[in-house]
Amino acid sequence: MRYTRIAGVGHYVPERVVSNHELEKHMETSDEWIVERSGIRERRFAADTETSTDLGLAAAKAALDNAGWKPEDVQFIVYATLSPDMFFPGNGVLLQRDLGIEGVGALDVRNQCSGFIYGLATADGFIRMGMYDRVLLVGAELHSSGLVMTTEGRDTAVLFGDGGGAVCLEVTDDPDGGRLLAHNLHADGRYAEDLAMLAPSAAKRPWFSASMIDEGLTTTKMNGREVFRHAVTRFPQAINEVLEQEGVQASDIDLLIPHQANLRIIDAVKKKMGLSDDKVFANLQKYGNTTAASIPLAFSEAVAEGRAKRGDLICMAAFGSGFTWGASLFRF
Ligand code: ACO
C-alpha cells in the first residue's frame, strides 16, 4: 500500500514586527481591543521588496532542508494562497521557477484559510494514487500591502499578517510509521460574500476600474460575527469527523493545530472538544491571521519547540472564506 508521510516542515516570517501599538498610530484602535477580541499582539509585515512568492520560497527552502531534499527531488508543487503575485498565473509556477525545477507541475489552491488542508488532502491523493512520490506543499500570504491602514479598514487590518509555511510529503509503505490518516473537506458557497474581496472580477465590465477602488470592492470585506458564529461550529464538526474516520477519540490527540484566526475561536473549539491547553497550539499572538500559511507556520513552530514530536497523533483543522472548512489527522 502507498501512504504519505511528512518528511520535513519549515516556515518563514518577514523580519518586521508590527505591534498593536504601531497600528494605533494609523487608525482608531487599541492594543486592548485587539487583544481582547482576537488575542493578537503583533504580526509581521513583509519588506517593500518582498513578494508573496518570496515568502513561499523561503518557507519551501526551510522545509526542503528539514527533509534533506534538494529542489530536484520535488516532483510536484501544491501552492495555497489568496495573495498571489499576479491575478494569473498563480504562485505555484513562480515558486517552481525560483526553485529552478523546470517542467515540474504546479497547482494553485484558492481556498483561503482552508487552503493548506485542501492542499494536504490533494497532495496525499496524488501520492497515494501513485502519480508522484514527493510533493512540496506551500501556504504563504502577503496581506500587509492589501490592508487598509485607516480607521475605515480597522475591522480587518488588525487581524492579518504575512508569512509562509511548507511541508515536504513523500510516499511510504509503512502503515505503522508516520503517515497521513484521514481528511475531510467542506464548503458552503452561500456565504461566499461574507468574507471576500469582490474585485478585480471577471463578472464586472470591465474586470478593473477606478470606481472599484472608490466603492471599496478591492479590499477584504468581512462579516466578522457571521464568520465567528460558523467557525465555532464547523471546527469541532470537522475535527470530530476526522476522528470518527479513524475510530479515535479527542483524548487520543497529542496536538491540535487549528487555523490561527482568533484566540477566542480557538478557545471555544478547545472547550467544545474537551482538550487541555497543552494539546492545542496557538501562535497567532505573534503573527495574526496568515490565512493559508497559518497552519504550516504553526506546525513548523510546534515542531521547533518540541510540542509536535515524531510519533504524535496530530490534528489540523481550518475554517475560512468560502465558507470552506476541513480537517486532517496524521501520525507525525
Ligand atoms: N479597533 C477598535 N474598534 C473596532 C475595531 C478595531 N480594530 N474593529 C471594529 N471595531 C468596532 C466596531 O466598529 C464596533 O463599533 P460599534 O459598536 O460602535 O459599531 C465595535 O468595535 C464592535 O465590533 P464588532 O464587529 O461587533 O466586534 P466583535 O466583538 O464581533 O469582534 C471580530 C470583531 C474580532 C472581527 C470578531 O467578529 C471575530 O473574531 N470574527 C471572526 C472573524 C475572523 O476571525 N476572521 C478572520 C478570517 S476568517 C478565518 O480565518 C476563520
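Any idea what the alpha-carbon Rg over 2.2 N^0.38 Å comes to for the chain?
So the chain has a normalised radius of gyration of 0.94.
Under 18 Å Cα-Cα from Lys270, which lysines qualify once same-chain neighbours fewer than 8 residues away are excluded?
Lys279
Among Phe126, Phe299, Phe45, which one moves the most in a GNM of the chain with springs linking Cα atoms closer than 10 Å?
Sorting by GNM fluctuation, first place goes to Phe126.
Name the residue, out of Asn20, Asn289, Asn91, whose mean-square fluctuation peaks in a Gaussian network model built on the chain with Cα pairs under 10 Å.
Asn20
At what distance in angstrom do the alpha carbon centres of the stretch 205-226 and the stretch 131-203 lie from each other?
20
Only Cα pairs within less than 10 Å get springs; with that Gaussian network setup on the chain, which residue of Glu141, Glu72, Glu42 has the largest fluctuation?
Glu72
Treat every Asp and Glu Cβ in the chain as -1 and every Lys and Arg Cβ as +1, leave all other atoms uncharged, and give the resulting dipole magnitude about the Cα centre to the nearest 20 debye.
500
Nearest 20 debye, what's the magnitude of the dipole of the stretch 179-331 about its Cα centre given +1 on Lys and Arg Cβ and -1 on Asp and Glu Cβ?
With only Lys, Arg, Asp and Glu charged at Cβ, the dipole is about 80 debye.
Explain nothing, just the number: dipole magnitude of the stretch 3-172 about its Cα centre with +1 on each Lys and Arg Cβ and -1 on each Asp and Glu Cβ, in debye rounded to the nearest 20.
480
Along the charge dipole of the stretch 180-270, Cβ charges K/R +1 and D/E -1, which of Ala268, His230, Asn184 sits furthest on the positive end?
Working it through, the farthest residue towards the positive pole turns out to be His230.
Where does each of His183, His230, His259 land when they are ranked from fewest to most other beta-carbon atoms within 10 angstrom?
His230, His183, His259
With the contact rule set at Cα under 8 Å and sequence spacing of 6 or more, what percent relative contact order holds for the chain?
26
Have a look at Pro296, Val135, Gly320 and report the one farthest towards the positive end of the charge dipole of the chain, computed about the Cα centre with Cβ charges (Lys/Arg +1, Asp/Glu -1).
Farthest towards the positive pole: Gly320.
No lab work stands behind these numbers, since they all come straight from the coordinates. Please read these numbers as outputs of a predicted model, since none were measured by experiment. Note that we place each Cβ from the backbone using ideal geometry, even for glycine, and neighbour counts take in every protein chain shown.
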